[in-house]
Amino acid sequence: MKRIAVVDNKKLKDINLKRHIQSLCPVNRAGTECIKIEKDGRLTIDEITCIGCGICVKAAPDSIKIVNLPEILDKTPIHRYGENKFALFNLPTPLFNRVVGILGVNGIGKSTAIQILAGVLKPNFDKPEKEASYNEIIDFFKGTEMQLFFEKVRKNEVKVSYKPQHIELIPKAQKGKVRDLLKKVDEKNKLNEIAKELEIENIMDNSINEISGGELQRVAIAAAVLKKANLYIFDEPTSYLDIRQRINVSKFIRNLANENTSVMAVEHDLIIFDYISDLAHIMYGSEEVYGSVSGVKQTKNAINVYLSGYLKEENVRFRDKHVKFEERKPFVKKKEVPLIEWSNISKKLGNFSLKTEKGGIDKGEVIGILGENGIGKTTFVRILAGEIKNDAGNLNENVTVSYKPQYLEANDELVMAFLQDAIKEYTNQIINPLNIKPLFLKKLDELSGGELQRVMVAHCLGKEAELYLLDEPSAYLDVEQRLIVSKVIRDFMEQKGSSALIVDHDLLFLDYLSDKLMVFDGIPAKEGIVKGPFLMEEGMNMFLKKLNITLRRDKESLMPRVNKLDSKLDREQKEKGKYYYG
């Protein structure tokens, strides 16, 4: 059986530990050098002689991973980052007149795959010291759709435009006004038209380093689309965007696909993924070890297969558990015990003003918050958290609060020290399901965005409180992590009988979590009006009507799905006034 061995020598620094690991290996002890310490001090593992006993993994679980590959992957990887480093098998297939989605967890090679398609990265076929030529690439994919694709690339018949994942790096590389930067890439002479469609007209004269994350995302999408291309690739195009903007950007991206143009998208919001994609690939494997790509499927089928965790055609199980959504139970009014109440709160911050209607949270309730960016959601949560004071109105503040802010700040504190309360009290409820143990010896400022998010959620839940406030807890998380985090929060509140207020832009995440819903109305950056809490159906109907979209439940997975605009179901639900599940 073929296996992949990955060694992180940045973590594995202790030479004595390396020698100890070497001495434990049964292959080494039998006289064959499987684990070796190189002249430069790196520890390497020979994958051919390795028997997969796992002894070295137990000795250094954070630094060494050894994974047996499925039989279907007993072949040369398309790309490998180096000896004992991540390997990618297979590539997703661009198709004209279609938006092809790529679905998978973080660390599985999605960005590597699309960088190869975009020409940013040349594959090396397991020879890290040598980039492959187009002749070698074409020969490798002989007899497949990818052979035709790379033949067109070689002849310059395919031009690719690529919107990268890490848009926060753009202001570090580019300086100047948004308008000037977009003019440089405007090969279609459609700057004004696209700026209007993406709603960035009012920031065109702003400096690139002065705009928000959501604005930067839409500027990056505009930059990609203004280039003349017949393959557009979008890596996480909706992060930092609110739900209305996500729907708008999804429609915009869908409209790019035609007989001469192919579109590919990586997206972690499952409802948006379903809405944006015609067809989809599932990427599976072992995080930070190897990744592979399934055959292309209809999007609905791909999502259901992804949730089941089993690829029938490849005979590969990539998750132990089948993810199931439950039919929303009718809300049963518990004995109402008010926890916190407010009425006629107002707050002015610069040119923005926030007002609330009368509302409150009862003990044991989980309440979701929906609304556009810049409409006061974070301001309201900060008032409840006691971080800022309201100017007027009544707020009963005799309640203990734990608050996870929207923007995550990191320092050099060890994760283990930072989470000592959660580790002491809630290892089984929080630490284990969020998979935080492997992060214990890392410093907060060494964590990725997704790792830091999980740690901050754990830190918030680990404090004793009556009310937990979590602002955008799904940001930076992949599909699977979002499902896990939502379940952890839901179960934790039920066990403790505590209340939670959750701000998020992922409809699926809030649908799974919430008993009730608050809706923020108004004009972004000018005024916000806090409405609710409402029962889920009333709140969702109010919010979805404003977006002009309807949701149904998938009959097989029970997952919420957006109806295609003006489809029979969409029209029927709108006629009945039932935007939420008909």
For the stretch 180-222, with only Lys/Arg (+1) and Asp/Glu (-1) charged at the beta-carbon, what is the dipole magnitude about the Cα centre, in debye rounded to 20?
-> 160 debye
Given the pairs LYS355/LYS496; LYS122/LYS188; LYS127/LYS321; LYS75/LYS312, which span a C-alpha to C-alpha distance of over 24 angstrom in this model?
-> LYS355/LYS496; LYS122/LYS188; LYS127/LYS321
From the residues VAL105, ILE194, ILE436, which one has its Cα farthest along the dipole of the chain in the positive direction, the dipole being from +1 and -1 charges on Cβ of Lys/Arg and Asp/Glu about the Cα centre?
-> ILE194
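Quote to one decimal, in nm, the extra length available between LYS526 and ASN548 on full extension: 0.36 nm per residue of separation minus the C-alpha distance between them.
Details: separation 22, 0.36 × 22 = 7.92 nm, distance 2.27 nm.
Stretched fully, the LYS526-ASN548 segment lengthens by 5.7 nm.
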Between the stretch 1-40 and the stretch 198-268, the Cα center-to-center distance that results, in Å | 46 Å
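Take peptides 538-550, 266-278, 37-49 and line them up by average Cβ neighbours within 10 Å, highest first, as a rough protection proxy. Kindly include the intermediate steps, with their values, before the conclusion.
Values: 538-550: 19.9, 266-278: 24.0, 37-49: 13.5.
Result, highest mean Cβ count within 10 Å first: 266-278, 538-550, 37-49.
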Show which aspartates and glutamates lie in cross-link reach of LYS172 when reach means a straight Cα distance below 13 angstrom and same-chain residues fewer than eight apart are skipped.
-> GLU210
A chain fully extended from LYS228 to LYS172 at 0.36 nm per residue, minus the present Cα-Cα distance, gains in nm 17.7 nm
Across the stretch 551-563, in residue order, what do the Karplus-derived ³J(HN,Hα) couplings come to in whole Hz, using 6.51 cos²θ - 1.76 cosθ + 1.60 with θ = phi - 60° and x for Gly and Pro?
-> 10, 10, 9, 5, 5, 7, 9, 6, 6, x, 9, 7, 5
Calculate the dipole size of the chain relative to its Cα centre from +1 charges on Lys and Arg beta carbons and -1 charges on Asp and Glu beta carbons; express the result in debye to the nearest 20.
-> 680 debye
With 20 Å as the limit, write out which pairs from LYS227/LYS564; LYS526/LYS574; LYS363/LYS516 have Cα-Cα distances beyond it, or answer none.
-> LYS227/LYS564; LYS526/LYS574
Rule-of-thumb check for the chain: C-alpha Rg over 2.2 N^0.38 Å?
-> 1.02
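Could you tell me which of the pairs LYS177/LYS348; LYS85/LYS142; LYS163/LYS442; LYS347/LYS531; LYS2/LYS110; LYS11/LYS58 are separated by over 19 angstrom between their Cα atoms in the structure shown?
LYS177/LYS348; LYS85/LYS142; LYS163/LYS442; LYS2/LYS110
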Amide proton proximity set for MET518, modelled H, under 5 Å, gap of 5+ | GLY368, ILE369, LEU370, PHE534
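For the chain, what is the calculated [θ] at 222 nm in deg cm²/dmol (nearest 500), taking -39500 (n - 2.57) for each run of four or more DSSP H residues and dividing by its residue count? Kindly include the intermediate steps, with their values, before the conclusion.
Details: 21 runs with 185 residues, N = 582.
For the chain, the value works out to -9000 deg cm²/dmol.
With +1 assigned to the C-beta of every Lys and Arg and -1 to the C-beta of every Asp and Glu, and no other charges, what is the dipole magnitude of the stretch 81-149 about the Cα centre in debye, to the nearest 20?
On the way: 7 positive and 7 negative charges, 43 e Å.
In debye, rounded to 20, the stretch 81-149 gives about 200.
Sort 301-313, 569-581 by packing, meaning the average of other beta carbons within 10 Å per residue, with the highest value first. Could the numbers behind the result be given before it?
Working: 301-313: 18.0, 569-581: 15.7.
So the order, starting with the most tightly packed, is 301-313, 569-581.
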Please work out the C-alpha center-to-center distance from the stretch 409-441 to the stretch 127-163 and express it in whole Å.
-> 44 Å
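Where a number appears in this text, it was derived from the coordinates with a stated rule and is not lab data. Everything numeric in this text was worked out from a predicted model, so none of it was measured. In this analysis, Cβ positions are derived from the backbone assuming ideal geometry, glycine residues included, and neighbour counts consider all displayed protein chains.
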